[in-house]
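One structure is given here, and the rest of the page talks about it.
Please treat every number below as a calculation from the coordinates, not as lab data. This is a predicted model, so every value here is computed, not measured. Cβ sites come from the backbone with ideal geometry, for glycine too, and all protein chains shown count toward neighbours.
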Amino acid sequence: MSYQDEPSPWRLEWSDAMSVGIPEIDAEHQHFIQLVSELNESIIARMELEEIKRCMQAILADAAAHFAHEEVLLKAWGYPLAREHAKNHARITLALREIMAGLHGMAEYEWIDAGLKVKQALIEHILNEDMKYRDYCCASGGERITDECSVKCADGEPRQSS
């Protein structure tokens, strides 16, 4: 196996541990992970600043759409931590915007730190905050889930509202 065939430590890979059990949200998370991986691969490949900015802009746009969608679902489900979750989204969005704004003045080696911050924010949010609503939906027996969405709980059983 050549060096080029080895997986990059900068690339995020989806795993079942990241799944909230809600297919439409998992698909959005997978896309977000792909965008963050592209950002980090662009940084490591020492792409031009404009390419790094393009990647960051794609992440910002994707985050905005995903966060808005997730917040609508959480509100519809009556999730008791929906307001707190939305505040977390706002904090992440602000952090992403600050990183984007600071890219121009950063030295190339600082881009690595910026890319790692983006990656960390995503993973921490999914594994900590998003798992809270997954657990809430599972505890409700799926009664909080809309007809358009189902959740697969830790017991492997899909739940969907009736």
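When its C-alpha radius of gyration is set against 2.2 N^0.38 Å (N residues), segment 20-160 gives a value of 1.15. The Cβ shell under 14 Å around Ala90 holds other residues with a net charge of -1, Lys and Arg each +1, Asp and Glu each -1. Between Ala64 and Arg91, full extension at 0.36 nm per residue minus the direct alpha carbon distance yields a gain of 8.5 nm.
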